[in-house]
Amino acid sequence: MRVFLVDDHAVFRSGVRAELSREADMEVVGEAGAVAEAVAGIDAAKPDVVLLDVHMPDGGGVAVLSGIASGPVCLALSVSDAAEDVIAVIRAGARGYVTKTISGAELADGIRRVAGGDAVFSPRLAGFVLDSFTGRSPVPEPPLDPELDSLTPRELEVLRLLARGYTYREIAESLFISVKTVETHASNVLRKTQQSNRNALTRWAHRRRIE
């Protein structure tokens with residue numbers, strides 16, 4: 001089974017590649033850290049399954065899905081478990097969505113399942129998709145929020161983890177970045193949201209249902 005990795009963190013790609021190298025029926029045939037590079041690489045490598053990050057600086061998973069030719073099955077692999085991210089990438093054509101807390105064995109199983117035609121989701125994420133496509137609880141268009149809209153995708157990821165009570169070190173490990181980079185993103189988030197400290201920021205995020 002030919003697998004292509006798309007993620008803007010080289011260290012994370014290396015870890016996934018190492019995990020999948022233990023699977024006798026899988027071969028990583030390429031990887032990319034940006035949208036244009038991913039689209040070109042996927043079209044050239046002709047993989048069976050693409051593991052696709054949702055948030056990247058130049059557009060992320062939805063942009064990759066819209067740019068590639070039909071053929072490979074795409075499985076989203078993201079740190080985000082937000083309903084809007086899950087629904088957007090599934091609507092764009094991904095066959096499943098799992099979070100980066102998944103184990104190597106579970107990821108390999110998910111790859112096999114989507115390649116075989118199944119839809120694969122981390123626990124509770126499938127409910128977002130079912131609710132959206134049955135019309136019972138669609139994700140509404142977000143109201144205009146200049147402070148929230150000013151955040152980059154990476155700053156929004158840091159904000160979500162801060163709101164959940166993660167330490168800077170835990171955020172760094174989850175996002176595969178340095179603690180200093182987390183501190184920089186957190187400082188930017190505080191400045192853009194006009195909050196004075198982390199407690200105020202957490203309350204601000206919860207009022208907007210950013211969890």
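The values are calculated or read from the model by the stated rules, or taken from the named source; none is laboratory data. All figures in this text were calculated on a predicted structure; none of them were measured in a lab. No Cβ is skipped: glycine too gets one built from the backbone with ideal geometry, and neighbour counts run over all protein chains shown. Just so you know, the surface numbers come from the protein's heavy atoms only, side chains and all, with ligands and any DNA or RNA stripped out. Shrake-Rupley method; radii C 1.70, N 1.55, O 1.52, S 1.80 Å.
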Straight-line reach check, LYS192, cutoff 22 Å on alpha carbons, 8 or more apart in-chain or any other chain, hits among lysines -> LYS180
Per-residue ellipticity at 222 nm attributable to helices in the chain (runs of n ≥ 4 DSSP H, -39500 (n - 2.57) apiece, nearest 500 deg cm²/dmol) works out to -15000 deg cm²/dmol
Between the residues ILE210, GLY116, ALA36, the Cα farthest towards the positive end of the dipole of the chain, that dipole coming from +1 and -1 charges on the beta-carbon of Lys, Arg, Asp and Glu, is from ILE210
So the compactness index of the chain, its C-alpha Rg divided by 2.2 N^0.38 Å, takes the value 1.03
Computed about the Cα centre, the charge dipole of the chain from +1 Lys/Arg and -1 Asp/Glu charges at the Cβ has a magnitude in debye, to the nearest 20, of 580
When the charge dipole of the chain is computed with +1 on Lys and Arg Cβ and -1 on Asp and Glu Cβ about the Cα centre, the Cα farthest towards its positive end, among LEU161, VAL86, ALA63, belongs to LEU161
Over the chain, with neighbouring protein chains present, the accessible area per residue in Å² at probe 1.4 Å is 50
At R0 = 45 Å the Cβ-Cβ FRET efficiency linking ASN197 and SER14, nearest 0.05, sits at 0.80
For the chain, the percent of accessible surface on carbon and sulfur atoms (probe 1.4 angstrom, ligands and nucleic acids excluded) is 52
So the compactness index of the stretch 146-208, its C-alpha Rg divided by 2.2 N^0.38 Å, takes the value 0.99
